[in-house]
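What follows is one structure encoded as structure tokens, with my remarks underneath.
The values are calculated or read from the model by the stated rules, or taken from the named source; none is laboratory data. These numbers come from a predicted model, not from an experiment. Because the Cβ atoms are built from the backbone with ideal geometry, glycine has one as well, and the counts that use them run over all protein chains shown. Please note that ligands, DNA and RNA were not included when accessible areas were found on the heavy atoms of the full protein model with its side chains. Shrake-Rupley method; radii C 1.70, N 1.55, O 1.52, S 1.80 Å.
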Amino acid sequence: MQVVIQPNAQSAVALVANIIEGVLRDRPPTVLGLATGSTMEAVYAQLRIFHRDQGLDFSACRTFNLDEYVGLPASHPNSYRFYMNHHLFNHVNIDLQNTHLPDGMAADLDAEGQRYERLIDNAGGIDFQLLGIGRSGHIGFNEPLSAFHSRTRVEWLTPATLEQNAPLFKNGTAMPHQAMTMGVGTILDSRRCLLLATGAEKADILARAVEGPLTAMVPASALQLHANCIVVADEAAASHLQGRKDYQLAFQSDPKWTRFLPSAPMASAACG
Ligand code: GLP
């Protein structure tokens, strides 16, 4: 695992967007694993700009999202399908047929989990997996006690996650208590992965994930087992990391990553 600390959320996001741009440019066709959550909104905004201003090409790209709420149709504004269309897919040249999320409306959710795993396999596996982290320590919706070998399945959401995400549900919609999520094992199978964490409210859980013991109680700690994982954090999210100075030194001497450092302030692009 490599940890990169940026001065603020904006530069952390810019670095992540630059890395994803590099992945898309270097190795098409690419199978991208995508994440949702408020942290990722700025990443997708920057990718929209790269597409609009520099012609970043998504046409050869296939995507697999980490998760989806159970019981929300794609048209529901809180569904992750809606989120992805709104923040990214509707604004770039990706074929929607090549974008995948687990179907939280499937009649047989166990079968849906198996179908999703097969779909990922048939695509050749995930080249690059983007991840956020929930305050419960979840990646995707793998809540505490998720097995490190788990695959795509239904998961009950913990009170911490309900508390974190419920405010996003407006107009009286109750937040589902279940979600379909790629498993921790599915995520560990990705060839490369990147976890982005910003803000002081992530500091404690990020330290437990990066420097704490491997434990199913903190599913993100499983990323310590991943052979090619980078964690990008802003100063606030990194503030509880004991080794933050050492991580910075290691990063500064690694051209594999420093070539992606943002050099200019980001432009802005509205979702429209
Ligand atoms: C949701 C997603 C997670 C994501 C998390 C982070 O719970 N299922 O995959 O990591 O949001 O959310 P935020 O970026 O809003 O803190």
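Convex hull over the Cα atoms of region 40-111, averaged projected area in nm²?
If you wrap the Cα atoms of region 40-111 in a convex hull and average its projections, you get 5.0 nm².
Are there any chymotrypsin sites (Phe, Trp or Tyr not before Pro) in region 1-87 that are in a DSSP loop and have at most 11 other Cβ atoms within 10 Å? List them by number.
Qualifying residues, ordered by number: none.
Using modelled amide H (1.01 Å from N, peptide plane; none on Pro or chain starts), what sits under 5 Å from the amide H of residue 65, excluding residues fewer than 5 places away?
34, 100, 101
Apply the Karplus curve 6.51 cos²θ - 1.76 cosθ + 1.60, θ = phi - 60°, to the phi angles in region 73-86 and return the couplings in whole Hz, x for Gly and Pro.
Working through the residues one at a time gives x, 4, 7, 6, x, 9, 6, 6, 4, 4, 4, 5, 4, 5 Hz.
Given H placed 1.01 Å from N in the peptide plane, which residues other than close sequence neighbours of residue 6 have an amide H under 5 Å from its amide H?
233, 234, 235
Please calculate the 1.4 Å probe accessible area of residue 62, with all protein chains present, and give it to the nearest 10 Å².
Residue 62 has an accessible surface of roughly 80 Å² with all protein chains in place.
For Cα pairs less than 8 Å apart in space and 6+ apart in sequence, what is the mean separation divided by the residue count of the chain, i.e. the relative contact order in percent?
Averaging sequence separation for qualifying contacts and normalising by length gives 27 percent for the chain.
Out of the total accessible area of the chain (probe 1.4 Å, heavy atoms of protein only), what percent is carbon and sulfur?
52 percent
Per residue, how many Å² of accessible area does region 155-268 show with a 1.4 Å probe?
On a per-residue basis, region 155-268 sits at 49 Å².
Using only Cα positions of region 92-214, each an equal point scatterer, no hydration layer, compute I(q)/I(0) via Debye at q = 0.10 Å⁻¹ and quote the log10 values to two decimals.
Values returned for q = 0.10 Å⁻¹ are -0.35.
To the nearest 20 Debye, how big is the dipole of the chain about its Cα centre, given +1 on the beta carbon of each Lys and Arg and -1 on that of each Asp and Glu?
Dipole magnitude for the chain comes out near 400 debye.
Would you check the accessible area of residue 103, probe 1.4 Å, heavy atoms only, in square angstrom rounded to 10?
The value for residue 103 is about 60 Å².
For residue 121, what accessible area in Å² do you get when you roll a 1.4 Å probe over the heavy atoms of the protein chains, rounding to the nearest 10?
110 Å²
Sorted from largest down, what three extents in whole angstroms do the Cα atoms of the chain have along their principal axes?
Largest first, the chain extends 51, 43, 38 Å along its Cα principal axes.
Ignoring ligands, DNA and RNA, how do 99, 258 rank by accessible area with a 1.4 Å probe, largest first?
258, 99
Let me have the 222 nm mean residue ellipticity of the chain computed from DSSP H runs of 4+ only, each contributing -39500 (n - 2.57), with the sum over all residues rounded to the nearest 500.
Computed ellipticity for the chain at 222 nm equals -10000 deg cm²/dmol.
Largest first, what is the accessible-area ranking of 257, 156 with a 1.4 Å probe?
Highest to lowest solvent-accessible surface, that is 156, 257.
I'd like to check one number: the per residue accessible area of region 20-66, probe 1.4 Å, reported in Å² as a whole number.
That works out to 36 Å² per residue.
Semi-axes of the equivalent ellipsoid of region 22-164: what are they in whole Å, largest first, if each equals the square root of 5 times a C-alpha gyration tensor eigenvalue?
25, 17, 15
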